[in-house]
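Everything below concerns the one structure shown next.
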Amino acid sequence: MSLSNPSKLLLRSEELLVSNNPLVVGCPDSEFLNNLINIAPQATISSYHINFEYYQDSKTKYQDKVTTSFTENYQNSTGNLHDLVIIYFPKSKKEYQFMLAMLAPTLTTDATILVVGENKGGVKSCEKLSIDFSTICNKIDSARHCALYAISFNGNDAPFNFDDWYSYFDINVDGVELKIASLPGVFSHGDLDNGTRLLLEHLPSHISGKVLDFGCGAGIISAFVAKKFPQSKVELLDINALALASAKKTLELNQLTGRVFASNGLSEVKGQYQAVISNPPFHQGIKTNYQATETFLKQVKEHLSFTGTLTIVANNFLKYAPIIAAEISEPELLANKKGFAIHFCQKNI
């Protein structure tokens, strides 16, 4: 994997990367960690991810050289506070504030926080967003449509309460009432999006057996299915640790059960399902990326039972129907409304 532009920008300020116990947060390209190992060979390096794909890549390549973790709530396992934290600016500003509050108790009082990201991704707002945790915030460098900021930590190590960061909202679709929990950065944070609502309104009339919710987000689809079709057994996957934590909380709030697990696409999926239902992602960070969903559509057939069904919602400009037809069976268009299309197909009809 080649270095991303934010990583290339970081390496232009190599002198700032020398530390004893650095923590790298959200690094999308594990090659940067190799550079950091060479820059600070005596350092105890930690890498924290909420993205399961990035975690697996870092863990596989540097398991003996870097302490790597994938979790919704970071815990410092090195035994020493971090004197440097490098944050790749996340896809939402609220998520950045969440990260700062969570990481602050793991930092030395004189730690440096480096924040890097693409300009269009919101990194320019980091000075304002960091005010509770900084004595000074300076823009160090910019290039390749990215910016790098250096923050002097002010020692604010206020206790971090993870549960305080959940947002809660109620939904009512077709008479099914649910309470939803979501953490910052999780898709449709704080509200039911139009695409998912349309999907729930056009699900098959009967669902039973094992059901897979691909890209579960806050768990809305699975909670709806589990409540409306109690004979079903839902399983929820997502690549994002904050989404998985949100989905677990949503099931708990509604006294529902389901298996919730991390997966990069279908990498961790075993067995077959009577139904696969999804509002699949087409963004990776701030960038549009259709590859994950297209790969999912090409691989999901092997995880459908003999007459298993697939129901997805997608923006109606996305050309998923031909892929479904080629890989599984000719899909039926159940709805096309407000810019969204509902596609349904059955294996071996």
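Taking all protein chains as they are arranged and a probe of 1.4 Å, the heavy atoms of residue 123 leave approximately 0 Å² accessible to solvent.
Which of the three applies to the stretch 1-65, rounded, prolate or oblate, going by the alpha-carbon gyration tensor with a ≥ b ≥ c and a/c under 1.5 meaning rounded?
Numbers: a/c = 1.77, a/b = 1.21, b/c = 1.47.
Oblate shape, in that a/c is at least 1.5 and b/c is the bigger or equal ratio.
Amide H contacts of residue 316: 340, 341, each under 5 Å away and 5 or more positions distant or on a separate chain (H built 1.01 Å from N in the peptide plane; Pro and chain starts excluded).
Less than 5 angstrom separates the built amide H of residue 107 from those of 82, all sequence-distant by 5 or more or on a different chain. Whole-Hz Karplus values for the stretch 214-226 come out as 8, x, 5, x, 7, x, 4, 4, 5, 4, 4, 5, 5 Hz, taken residue by residue from phi with 6.51 cos²θ - 1.76 cosθ + 1.60 and θ = phi - 60°; glycine and proline positions read x.
3J(HN,Hα) couplings calculated from phi for the stretch 197-211 with the Karplus curve 6.51 cos²θ - 1.76 cosθ + 1.60 (θ = phi - 60°) are, in sequence order, 4, 4, 4, 5, 6, 10, 6, x, 5, 9, 9, 8, x, 6, 10 Hz; Gly and Pro show x. Greater than 20 Å separation of Cα atoms is the criterion. Which listed pairs, 128/249; 227/248; 179/228; 59/94; 61/139; 94/124, meet it? Exceeds cut-off: 128/249; 59/94; 61/139. For residue 330 and residue 259, a Förster radius of 41 Å and the Cβ-Cβ distance give a FRET efficiency of 0.85, rounded to the nearest 0.05.
What percent does the relative contact order of the chain come to when contacts are Cα pairs within less than 8 Å and at least six residues apart?
This gives 12 percent for the chain.
Per-residue ellipticity at 222 nm computed for the chain from its helices equals -7000 deg cm²/dmol, with DSSP H segments shorter than 4 residues left out and the rest contributing -39,500 (n - 2.57).
Couplings for the stretch 111-116, taken from phi via the Karplus curve 6.51 cos²θ - 1.76 cosθ + 1.60 with θ = phi - 60°, read 5, 9, 10, 9, 10, 10 Hz in order; Gly and Pro are left as x. Close amide H partners of residue 89, meaning residues 5 or more places away or on another chain with modelled amide H under 5 Å apart, are 116, 117.
The calculated Kirkwood hydrodynamic radius for the chain is 21.4 Å, given to one decimal from all distinct C-alpha pairs.
The values are calculated or read from the model by the stated rules, or taken from the named source; none is laboratory data. Owing to the predicted nature of the structure, the values given are computational and were not obtained by experimental measurement. Note that each Cβ is placed from the backbone with ideal geometry, even for glycine, and that neighbours are counted across all protein chains shown. Calculation scope for accessible area: heavy atoms of the full protein, side chains included, ligands and nucleic acids excluded. Shrake-Rupley method; radii C 1.70, N 1.55, O 1.52, S 1.80 Å.
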